[in-house]
Amino acid sequence: MTQELLTKRTFTKEVIQEKLSTDIRWIERSLVKLYERQTREEQTTKETITENGVGFNSSDSRYLTYCSQWVLSGRSLSRHHIDKCGGKLKKYWKQIQDEIVQHNLKRG
């Protein structure tokens, strides 16, 4: 069994969505990882310019970019923002799974 397949079997849609809705570490790390997938222009304008399935979609981009930049500045999200981000992030489970796979492949 390949490392990629093993990772995908361990980190299923259900597991990832559960973590994204309840675990502050997963929420904050996922915000940063998805933010990093945005183009520089998208990061600066806080808007999705190209709907390409990478990073945030247009309806979430302004708010989730704000929260990502907050986390990147070294601050923690408030309970309100954790709950709101957790609800929004579940739809990005596949991108998070891809990030986990890539991380594990780099580690060997």
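The values are calculated or read from the model by the stated rules, or taken from the named source; none is laboratory data. Since the model is a prediction, treat every value here as computed from it, not as a measurement. Cβ sites come from the backbone with ideal geometry, for glycine too, and all protein chains shown count toward neighbours.
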Hey, among the residues in region 16-35 that are more than 16 Å from Trp70 (Cα to Cα) and surrounded by 13 or more Cβ atoms within 10 Å (Cβ to Cβ), which one's modelled with the lowest pLDDT?
Ser21
All-but-one check, Arg9 against (1) surrounded by 14 or more Cβ atoms within 10 Å (Cβ to Cβ); (2) modelled with pLDDT under 95; (3) of a type in the set (Lys, Arg), failing number (1)
Would you please name the residue that is modelled with the lowest pLDDT, looking only at residues in region 57-108 that are more than 18 Å from Thr39 (Cα to Cα) and outside any helix (DSSP H, G or I)?
Gly108
For region 2-48, name all the residues that are under 25 Å from Arg75 (Cβ atoms), among the polar types (S, T, N, Q) and not in a helix (DSSP H, G or I).
Gln38, Thr39, Thr48
Check Arg9 against each of (1) farther than 12 Å from Glu99 by Cβ; (2) within 13 Å of the chain's Cα centre (by Cα); (3) among the basic types (Lys, Arg) and name the one condition it does not meet.
(2)
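Rundown of residues vs (1) in contact with a strand residue (DSSP E or B) (Cβ under 6 Å, 6 or more places away or on another chain); (2) without any contact (Cβ under 8 Å) to a residue 12 or more places away in the chain; (3) under 23 Å from His103 (Cβ atoms); (4) among the aliphatic types (A, V, I, L, M), yes/no style:
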{"position": "Ile16", "(1), (2), (3), (4)": "no, no, yes, yes"}
{"position": "Ile24", "(1), (2), (3), (4)": "no, no, yes, yes"}
{"position": "Lys33", "(1), (2), (3), (4)": "no, no, yes, no"}
{"position": "Gln43", "(1), (2), (3), (4)": "no, no, yes, no"}
{"position": "Val54", "(1), (2), (3), (4)": "no, no, yes, yes"}
{"position": "Val71", "(1), (2), (3), (4)": "no, no, yes, yes"}
{"position": "Arg79", "(1), (2), (3), (4)": "no, yes, no, no"}
{"position": "Lys88", "(1), (2), (3), (4)": "no, no, yes, no"}
When region 43-91 is examined, which residues are found to be of a type in the set (A, V, I, L, M) and in contact with an Asp or Glu (Cβ under 7 Å, 6 or more places away or on another chain)?
Ile49, Val71, Leu77
Total residues in region 36-53, condition surrounded by 15 or more Cβ atoms within 10 Å (Cβ to Cβ) and either under 17 Å from Lys90 (Cβ atoms) or polar (S, T, N, Q) (or both):
4
